[in-house]
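First comes the structure, then the notes that go with it.
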Amino acid sequence: MIENGLIAIDWGTTWLRAYKMSASGEILDTRHPQAGIRNLMRGEHERIFKGVTADWLGDDPDNAPFIVLSGMISSRQGWVESPYAPCPADPRSLASLAVQHRTQTGHRIWFAPGLCTTIGGRYDVIRGEEMHILGALDKIGPGRHIVCLPGTHSKWAVIEDGVILDFRTYMTGELFEATRRHTIIGKMMEHDAWFDSGFDLGLEAADADRGLLGELFSIRSRTLLDSLPVEQSGSYLSGLLIGTEILEARRFHDIGEEVCIIGNPALSELYVRANTHHGIRSLQLAETMAAQGMFLLAKSLQERM
């Protein structure tokens, strides 16, 4: 039971973040091994889980901490598949679709469901980020809020009074990497230099709203015509893509004066800079929000038992 504490694991495609938590939700210990599901063979998940948590579990499964896993570990390519909960969703509706599993040692694990939306004829899914959103609920309070989770596939969600109403995914990070590594534009970016001025120029290009596909090629044109220093092309690309993402999100979600940003601090700072460019305040929260979200889910699961 949760009175014995909680083991919360945010297990994604490229990373695993494990948290040992007290019965009151305090994080007591963390572990971040390089063990994303992308690099694991089927059947390896339990071995990795035991290796990460062995000294947290204890020897008696009946008196072990409550255990919740979220993220891609519960996908079709993961350990145990769980379904997608439809929007609108809250901790109780997510708990109703969590999947229970017993390990070889008899420990009970709950696999959190993902989240989906088909509102307005759109089809979109989340696995893992919904726990970050739940974890932010106490920080952002009641009312309507917009939450942004920057990353390979950035998520923007609408929250109202503790309920996730809707969300949308933007392939910004993946498009940045694909453009940088596999296009003619990327051939100019054989360096890791960063320039705020280049990023800001990219934001201004996004503001012009001339269409992303054309603006992407203009990066090459600008460097050839001496309008953009070649060493700033990577920063410019980042500004163009993040700026375009924020413009789309503003149209789609009716963003007000503040956005809550949850994620990697370095990446989040770029979104703060871009939001400031648009006159939007940013509330930054740590990646550990996922642990708090799984704690909320665990409390709802205990009510279900």
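Note on region 32-55: residues that are closer than 18 Å to Met294 by Cβ and in contact with a Ser or Thr (Cβ under 8 Å, 6 or more places away or on another chain) amount to 3.
Scanning region 8-21 finds no residues that are exposed (fewer than 14 other Cβ atoms within 10 Å of the Cβ), without any contact (Cβ under 8 Å) to a residue 12 or more places away in the chain and under 30 Å from Thr117 (Cβ atoms). Looking only at region 152-162, residues that are crowded, with 18+ Cβ neighbours inside 10 Å and on the phi > 0 side of the Ramachandran plot come to 0 in all. Considering region 249-285, the residues that are open to solvent by less than 50 Å² (accessible area, probe 1.4 Å) and among the polar types (S, T, N, Q) include one that is farthest from Ala112 (Cα to Cα), namely Asn275.
Across region 27-36, not a single residue is classified as in contact (Cβ under 8 Å) with a residue 12 or more places away in the chain, touching an Asp or Glu at 6+ places or on another chain (Cβ under 8 Å) and open to solvent by less than 40 Å² (accessible area, probe 1.4 Å). Output the residue which, of all residues in region 118-150 that are under 16 Å from Glu248 (Cβ atoms) and not hydrophobic (A, V, I, L, M, F, W, C), is surrounded by the most Cβ atoms within 10 Å (Cβ to Cβ). Applying the filter and picking the extreme gives Pro150. Looking across region 259-276, the residues that are modelled with pLDDT under 95 and either more than 20 Å from the chain's Cα centre (by Cα) or of a type outside the set (A, V, I, L, M, F, W, C) (or both) come down to Gly263, Asn264, Pro265.
Scanning region 145-193 for residues that are assigned to a loop (DSSP other than H, G, I, E, B), β-branched (Val, Ile, Thr) and closer than 15 Å to Leu267 by Cβ turns up just one, Thr152. When the criteria are applied in full, Thr53 fails the requirement of being within 25 Å of Glu130 (Cα to Cα), under 24 Å from the mean Cα position of the chain (by Cα), in a strand (DSSP E or B) and not small (Gly, Ala, Ser). Restricting Phe176, Phe195 to those that are touching a Leu at 6+ places or on another chain (Cβ under 7 Å), open to solvent by 40 Å² or more (accessible area, probe 1.4 Å) and more than 20 Å from Ser282 (Cα to Cα) reduces the list to Phe176.
Tell me the residue from Asp200, Asp207 that is among the acidic types (Asp, Glu), open to solvent by less than 50 Å² (accessible area, probe 1.4 Å) and touching a helix residue (DSSP H, G or I) at 6+ places or on another chain (Cβ under 7 Å), please. Explain how you work it out, then say what you get.
On the way: Asp207 fails: open to solvent by less than 50 Å² (accessible area, probe 1.4 Å).
Result of the check over Asp200, Asp207: Asp200.
Among the conditions (1) at negative phi; (2) part of a loop (DSSP other than H, G, I, E, B); (3) more than 22 Å from the chain's Cα centre (by Cα), the only one that Ser233 does not satisfy is (2).
Within region 286-303, the residues that satisfy the criterion of being under 18 Å from the mean Cα position of the chain (by Cα) and either modelled with pLDDT of 95 or more or open to solvent by less than 20 Å² (accessible area, probe 1.4 Å) (or both) are Met289, Ala290, Ala291, Gln292, Gly293, Met294, Phe295, Leu296, Leu297.
Each row is one residue, and each column tells you yes or no for (1) of a type outside the set (A, V, I, L, M, F, W, C); (2) under 30 Å from Gly141 (Cβ atoms).
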| site | (1), (2) |
| --- | --- |
| Ile219 | no, no |
| Asp226 | yes, no |
| Glu231 | yes, no |
| Ser235 | yes, no |
| Leu247 | no, yes |
| Arg250 | yes, yes |
| Glu257 | yes, yes |
| Val272 | no, yes |
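Per the listing Ile67, Ile73, Ile109, Ile48, the residue uniquely within 17 Å of the chain's Cα centre (by Cα), of a type in the set (A, V, I, L, M, F, W, C) and not in a loop (DSSP other than H, G, I, E, B) is Ile73. No other residue among Glu3, Glu44 is charged (D, E, K, R) and either under 21 Å from Glu303 (Cβ atoms) or open to solvent by less than 20 Å² (accessible area, probe 1.4 Å) (or both) apart from Glu3.
Checking Gly58, Gly36, Gly5, Gly12 one by one, the residue that is at pLDDT 95 or above and out of contact with any His (no Cβ under 9 Å at 6 or more places or on another chain) is Gly5 and no other.
The values are calculated or read from the model by the stated rules, or taken from the named source; none is laboratory data. Because the structure is predicted, anything quoted here is derived from the model rather than measured. Using ideal geometry, Cβ is built from the backbone for each residue, glycine included, and neighbour counts are taken over all protein chains shown. Calculation scope for accessible area: heavy atoms of the full protein, side chains included, ligands and nucleic acids excluded. Shrake-Rupley method; radii C 1.70, N 1.55, O 1.52, S 1.80 Å.
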